[in-house]
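Below: one structure, written as structure tokens.
What follows is calculated from the coordinates using simple rules that are stated; it is not laboratory data. On a predicted model such as this, the values are computed, not experimentally measured, just so you know. Positions of Cβ are generated from backbone atoms using ideal geometry, with glycine treated the same way; all protein chains shown enter the neighbour counts.
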């Protein structure tokens with residue numbers, strides 16, 4: 001049974017699970033559910049449980065934008081690992097909680113599978129796009145975590161894993177989840 005179906009009762013409880021890679025298909029489905037729940041009861045909290053290794057930045061940013069646009073506040077709960085783009089989505093929650101053994105990992109954007117022969121100009125353009133993307137993501141994290149962009153840039157140079165205590169101290173999480 002699809003975890004999102006009304007028959008499962010999860011939609012009625014305004015509870016969504018994002019337990020996969022961040023990509024166009026998974027994010028479009030998540031956006032559909034966020035919009036649906038917001039239309040059903042505008043302003044009533046939606047809980048989004050995240051356990052994802054991350055993935056495509058553009059698709060993830062679309063989710064972040066929708067979370068900010070809808071009337072319903074979205075509470076995010078990390079239920080295992082919120083890594084990379086999934087951590088950015090997690091940080092956009094109105095309330096951001098982790099289960100006691102969950103982790104969050106942030107890092108700079110990376111190129112995946114860009115093989116083949118490329119000209120220097122193409123590499124320069126890709127580098128500029130990566131820098132722009134890094135600044136967008138650093139800006140989102142800085143705002144959501146109450147940190148400066150300089151602090152965030154420093155942390156994302158390498159994979160930066162945070163347990164619950166570290167995530168709360170850094171500001172990416174607001175607390176430990178007591179109840180889903």
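Working out 0.36 nm times the residue gap between residue 118 and residue 101, then minus their Cα-Cα distance, what length gain in nm do you get to one decimal? Intermediate results must be reported in sequence, preceding the final value.
Values: separation 17, 0.36 × 17 = 6.12 nm, distance 4.32 nm.
My answer for the length gained is 1.8 nm.
For the chain, the longest principal axis of the Cα atoms and the long axis of helix 24-40 meet at an angle of about 40 degrees. A straight chain from residue 133 to residue 25 at 0.36 nm per residue would run longer than the Cα-Cα distance by 36.8 nm.
Please determine, in degrees from 0 to 90 and to the nearest 10, the orientation of helix 120-145 with respect to the longest principal axis defined by the Cα atoms of the chain, where the helix direction is its Cα long axis. Relative to the chain, helix 120-145 is tipped by roughly 40 degrees. Peptides 86-95, 128-137 ranked from most to least packed by the mean count of surrounding Cβ atoms within 10 Å: 86-95, 128-137. Each 5 Å bin from zero holds the following percent of Cα-Cα pairs in the stretch 6-176: 2, 9, 18, 21, 19, 14, 8, 5, 3, 1, 0. Percent of Cα pairs in the stretch 1-101 per distance bin of 10 Å, from zero to the largest separation: 17, 54, 28, 1.
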